[in-house]
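What follows is a set of notes on a single structure, which appears directly below.
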Amino acid sequence: MGIYIRPVQNGFAGEVTRINICARLSIDEIAAIEQGMDDYAVLTFPDQPLTDQQQVAFTANFGVMEITLAGQMAKPEERRFQQLELGDISNYARGATNKLRERADKHRMYALANRLWHSDASFRAVGAGYTLLHARIVPSKGADTQFADMRAAYDALSTAEKQEVEDLVCEHSIVFSRQQIGFTDYNPGFEEHLKPVPHKLVLTHPKTRRKSLYLSSHIGGIAGWPVPEARAFLRDLMEHATQPQFVYAHKWNVGDLVMWDNHTVMHRATRFDDLKEVRDLRRTSLKGVRPEVRQQPSVIASAA
Ligand code: OGA
Ligand code: MN
């Protein structure tokens with residue numbers, strides 16, 4: 001019996017079973033997962049007790065791994081994991097394994113921006129491809145990760161709206177998303193990483209040819225538009241794109257791995273009692289290629 005994908009939430013997400021992703025995958029399994037990522041925008045793999053190294057090995061099947069900006073900015077003595085490709089998505093204080101972040105902890109403030117709808121690393125010249133999150137410790141309630149289907153959101157625009165957005169180019173910077181929650185406390189030396197980068201608003205998937213909206217809270221402007229007009233328009237689009245019928249909320253169990261395509265979904269974290277309870281997720285992500293010239297996934301995989 002081979003891999004099985006059960007559609008969830010109108011076929012937006014798929015739950016993958018009959019596979020052990022802790023072990024080395026066969027070529028057929030890798031191809032089936034890549035196909036699954038094209039058919040669905042989010043795949044969940046329940047009950048996969050991955051180690052860090054197994055998560056890294058699984059991720060590397062699908063492309064070239066990237067290091068997050070938060071990982072780059074962390075000082076070596078503050079890191080929980082020496083392997084920079086492994087992102088620490090937990091509420092542990094930096095450099096500690098048994099102490100939670102305090103209320104005003106700078107890293108807590110930075111991470112709170114994950115509660116805004118976003119696409120990972122869209123503030124980079126090349127935004128992230130797939131992101132993978134694996135749950136090690138989950139709190140007793142809250143802390144779902146929500147995903148919004150940017151293909152369905154595009155499809156639901158009127159013909160006139162589709163024409164209006166078709167050639168728009170948005171400006172993305174991590175400064176714009178952090179600004180929305182009042183975070184300005186950046187480490188010196190990272191000014192280059194804060195500069196806005198352009199991305200097309202409408203992307204076409206290289207294989208399925210489906211169009212999607214490349215939206216993200218990292219967007220702060222539209223090329224050629226006055227800023228207030230752009231922001232008012234982007235708010236309307238965000239509101240449209242995150243209506244309940246486009247959203248899948250993942251309720252985490254320990255051992256879940258969730259994998260999504262940042263070019264076809266936005267996501268956000270939701271609240272939990274993070275001053276009292278532990279949530280420990282590990283993140284890996286893949287480098288994308290320029291959205292407007294995305295390569296075939298098979299080309300990306302063979303470059304790994
Ligand atoms: C991320 C992220 C959401 C969550 O790690 O990129 O957005 O629920 N996480 O932790
Ligand atoms: Mn994210």
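Based on the Cβ-Cβ distance from Asn20 to Thr204, what FRET efficiency comes out when R0 is 41 Å, to the nearest 0.05? Numbers along the way, then the final one.
Values: r = 34 Å, r/R0 = 0.84.
That gives a FRET efficiency of 0.75.
Among Cys22, Cys170, what is the fewest-to-most ranking by other Cβ atoms within 10 Å? Before the final figure, lay out each step's value.
Values: Cys22 15, Cys170 27.
Placing the least packed residue first, the sequence is Cys22, Cys170.
Where nothing but the Cβ of Lys and Arg (+1) and of Asp and Glu (-1) is charged, how large is the charge dipole of the range 4-287 around its Cα centre, in debye to the nearest 20? Could the numbers behind the result be given before it?
Working: 35 positive and 36 negative charges, 119 e Å.
My answer is approximately 580 debye.
Sort Ser212, Ser173 so that the residue with the fewest other Cβ atoms within 10 Å of its own Cβ comes first and the one with the most comes last. Write down the numbers at each step before the final one.
On the way: Ser212 26, Ser173 20.
Least crowded to most crowded, the residues run Ser173, Ser212.
Compute the distance in nm between two label points, each set 7 Å from the Cα along the Cα-to-Cβ direction, one at Thr159 and one at Asp28.
About 4.6 nm separates the two model spin labels.
Taking H as built 1.01 Å from N, whose amide H comes closer than 5 Å to the amide H of His250, not counting residues under 5 places away?
Answer set, sorted by chain and number: Thr145, Gln146, Phe147.
Between Glu229 and Asp144, how many nm apart are label points set 7 Å from Cα along the C-beta direction?
Here the modelled spin labels are 3.8 nm apart.
Only helical DSSP H runs with n ≥ 4 go in: add -39500 (n - 2.57) per run for the chain, normalise by residue count and round the 222 nm mean residue ellipticity to 500 deg cm²/dmol. Before the final figure, lay out the partial values.
On the way: 10 runs with 78 residues, N = 304.
The helix-only estimate for the chain comes to -7000 deg cm²/dmol at 222 nm.
On a 31 Å Cα-Cα criterion, which of the cross-link pairs Lys162/Lys207; Lys141/Lys207; Lys99/Lys141 come out too long? Kindly include the intermediate steps, with their values, before the conclusion.
On the way: Lys162/Lys207 20 Å; Lys141/Lys207 38 Å; Lys99/Lys141 20 Å.
In this structure, Lys141/Lys207 lie more than 31 Å apart at Cα.
Most exposed first by the Cβ proxy, i.e. fewest other Cβ within 10 Å, how do Leu86, Leu25 rank?
Leu25, Leu86
I'd like the distance between the alpha-carbon centres of the range 171-238 and the range 1-57, rounded to an integer number of Å.
30
From the phi angles alone, apply the Karplus equation (6.51, -1.76, 1.60; θ = phi - 60°) to the range 190-201 and give each ³J(HN,Hα) in whole Hz, x where the residue is Gly or Pro.
3J(HN,Hα) across the range 190-201, in whole Hz: 10, 4, 4, 6, 9, 5, x, 10, x, 9, 4, 7.
For Arg79 and Arg136, compute 0.36 nm times the residue count separating them, minus their Cα-Cα distance, and round to one decimal in nm.
On the way: separation 57, 0.36 × 57 = 20.52 nm, distance 1.73 nm.
Taking Arg79 through Arg136 to full extension adds about 18.8 nm, to one decimal.
To the nearest whole percent, what portion of all C-alpha pairs in the chain is separated by more than 35 angstrom?
Working: 6908 of 46056 pairs.
Here the tail beyond 35 Å accounts for 15 percent of pairs.
How far apart, in nanometres, would the label points at Asn10 and Gln243 be if each is projected 7 angstrom from Cα along the Cα-to-Cβ direction?
That separation, rounded to one decimal, is 0.8 nm.
Between the alpha-carbon centers of the range 239-260 and the range 102-121, tell me the distance in whole angstrom.
Their Cα centres are 18 Å away from one another.
Shape of the range 247-289 from its Cα gyration tensor (a ≥ b ≥ c, root eigenvalues): rounded if a/c is under 1.5, otherwise prolate when a/b > b/c, or oblate?
Values: a/c = 2.08, a/b = 1.74, b/c = 1.20.
Prolate.
Give me the number: length gained by fully extending Arg271 to Gln180, i.e. 0.36 nm times residue separation minus the C-alpha to C-alpha distance, one decimal in nm.
On the way: separation 91, 0.36 × 91 = 32.76 nm, distance 1.70 nm.
So the chain would gain 31.1 nm between Arg271 and Gln180.
Every number in this text was worked out from the coordinates using simple rules, so none of it is lab data. Source: prediction; values computed, not measured. Neighbour counts run over all protein chains shown; Cβ positions are idealised from the backbone, glycine included.
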